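Working notes, structure below.
The values are calculated or read from the model by the stated rules, or taken from the named source; none is laboratory data. Predicted model only: the values in this text are computed from it and were never measured. Backbone-built Cβ (ideal geometry, glycine too); neighbour counts: all protein chains shown. In case anyone asks, the SASA skips ligands and DNA or RNA and just uses the protein heavy atoms, side chains included. Shrake-Rupley method; radii C 1.70, N 1.55, O 1.52, S 1.80 Å.
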Amino acid sequence: MKSLSLSILFTLLTFCLLAQENDTSSFKAENSPIIGIGVNSIGFYGDLNDRDYNSAFGGNIGYDLYVIQPVNTFLSLNFHLMTGKIREEERSLQRNLNFSTQIFSGGLQLEYNFEHIMPEYRRVTPFITAGIEYVQFNPKTDIRGNNGEPYNYWTDGTIRDIPETSPNAENANIIQRDYNYETDMRDAGFNSSTTYTERAISFPLGIGVDMHLTDQINFRFFSTVHLTLTDYMDGISRNTDTTFLGSKPANGRNDIYLTTGIALSYNFQ
């Protein structure tokens, strides 16, 4: 995935730079910056639920801020910031895991809008993007109740205050999760290291369309896959202790997340 991302980014940049020489004369001073804000839904694809991927329109909400600076009629630089919260749950007979993390990302993308083959007067403009960004995260998990008691998952699907294998298991009481993600997964020893980095480089690849509502206001729909260079966004990795994983190992792949959203932008030209 990393090599594919770099190849696409290099190809797009090379093509645009070569074509710029022939397109400069038609660049009609439409080089004013564009600022936009948006909201998106974040789909996470890591070690949790790795065989039952959720919809891209899940319950994880994020917010976008971006500034687009046109380079010529068909190529722009997109400086973007995004923040959001990711929460995922896995309940099965093999293992029971959950995590929640706030993520922050920022980076630069090249944006190509097919100006060469599109009609001059149009209401919709498609685009593709590729770039590089920085991502920061801090996964936490809910493994204890309000009174500090650990959750014990029984094979009958209940959560109890005593392990199922305990000699006095008949005295166990059913308890409920409080969904308070109180435990830092790094400090709790989920992985062999407690000092691994909770930030990473990511390669975003995206597609979308701009709908031109007025000469200066655009409505944008976009979808971007973020290929990260980390396996720790959900706190679960190939190095996670089997005490937490149960009988189902981690998949060992780097984490991916998908942002799909809408935005409004204003053109200052």
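Looking only at residues that are open to solvent by less than 60 Å² (accessible area, probe 1.4 Å) and touching a Ser or Thr at 6+ places or on another chain (Cβ under 6 Å) in the stretch 74-95, which one is nearest to Pro204 (Cα to Cα)? Break it down into steps so the answer makes sense when it comes.
So the first thing to find is which residues in the stretch 74-95 are open to solvent by less than 60 Å² (accessible area, probe 1.4 Å), and the list is 74-78, 80, 82-84, 86, 88-90, 92, 95.
Right, trim to touching a Ser or Thr at 6+ places or on another chain (Cβ under 6 Å) and you get 82, 86.
Numbers: Met82: 12, Ile86: 17 Å.
Restricting to residues being open to solvent by less than 60 Å² (accessible area, probe 1.4 Å) and touching a Ser or Thr at 6+ places or on another chain (Cβ under 6 Å), the top hit is Met82.
If Thr101 meets every condition in (1) in contact with a Pro (Cβ under 9 Å, 6 or more places away or on another chain); (2) open to solvent by 20 Å² or more (accessible area, probe 1.4 Å) apart from one, which number is that one?
Among (1) in contact with a Pro (Cβ under 9 Å, 6 or more places away or on another chain); (2) open to solvent by 20 Å² or more (accessible area, probe 1.4 Å), Thr101 violates only (2).
Within the bounds of the stretch 147-155, is there any residue that is part of a loop (DSSP other than H, G, I, E, B), of a type in the set (S, T, N, Q) and open to solvent by 20 Å² or more (accessible area, probe 1.4 Å)?
Filtering the stretch 147-155 down to residues part of a loop (DSSP other than H, G, I, E, B) leaves 147-149, 151, 154-155.
Narrowing the set further to residues that are of a type in the set (S, T, N, Q) leaves 147, 155.
From what is left, the residues that are open to solvent by 20 Å² or more (accessible area, probe 1.4 Å) are 147, 155.
Among the residues of the stretch 147-155, at least one is part of a loop (DSSP other than H, G, I, E, B), of a type in the set (S, T, N, Q) and open to solvent by 20 Å² or more (accessible area, probe 1.4 Å), which makes the answer yes.
Could you figure out which of (1) over 24 Å from Asp234 (Cβ atoms); (2) surrounded by fewer than 18 Cβ atoms within 10 Å (Cβ to Cβ); (3) touching a residue at least 60 places away in the same chain (Cβ under 8 Å) isn't true of Tyr181?
Failing condition for Tyr181: (1).
Within the stretch 172-220, work out how many residues are in a strand (DSSP E or B) and within 30 Å of Pro33 (Cα to Cα). Before the answer, list the steps.
So in the stretch 172-220, the residues in a strand (DSSP E or B) come out as 174, 183-184, 191, 199-212, 217-220.
Filter again for within 30 Å of Pro33 (Cα to Cα), leaving 199-212, 217-220.
Of the residues in that region, 18 qualify.
Given the conditions (1) at pLDDT 95 or above; (2) buried (at least 16 other Cβ atoms within 10 Å of the Cβ), report the number of the one that Tyr63 does not fulfil.
With (1) at pLDDT 95 or above; (2) buried (at least 16 other Cβ atoms within 10 Å of the Cβ) applied to Tyr63, the lone miss is (2).
Going through Ser193, Ser237 one at a time, which residue ends up being under 20 Å from Gln136 (Cα atoms), surrounded by fewer than 18 Cβ atoms within 10 Å (Cβ to Cβ), at pLDDT below 95 and of a type in the set (S, T, N, Q)?
Numbers: Ser237 fails: surrounded by fewer than 18 Cβ atoms within 10 Å (Cβ to Cβ).
Going through Ser193, Ser237 in turn, just one is under 20 Å from Gln136 (Cα atoms), surrounded by fewer than 18 Cβ atoms within 10 Å (Cβ to Cβ), at pLDDT below 95 and of a type in the set (S, T, N, Q): Ser193.
State all residues of the stretch 120-151 that are modelled with pLDDT under 95 and among the polar types (S, T, N, Q); if no residue qualifies, say none.
Thr125, Asn146, Asn147
Name the single residue, out of those in the stretch 221-250 being in a strand (DSSP E or B) and polar (S, T, N, Q), that is farthest from His80 (Cα to Cα).
Thr240
Are any residues in the stretch 130-155 polar (S, T, N, Q) and farther than 30 Å from Gly208 by Cβ, and if so, which ones?
Kept after step one, since they are polar (S, T, N, Q), are these residues of the stretch 130-155: 136, 138, 141, 146-147, 152, 155.
Listed by number, the residues that qualify are Thr141, Asn146, Asn147, Asn152, Thr155.
Can Leu81 be described as modelled with pLDDT of 90 or more and within 24 Å of Leu258 (Cβ to Cβ)?
Yes.
Taking the stretch 154-199 as the region of interest, how many residues are closer than 24 Å to Ile256 by Cβ and touching a helix residue (DSSP H, G or I) at 6+ places or on another chain (Cβ under 8 Å)?
Counting residues in the stretch 154-199 that are closer than 24 Å to Ile256 by Cβ and touching a helix residue (DSSP H, G or I) at 6+ places or on another chain (Cβ under 8 Å) gives 1.
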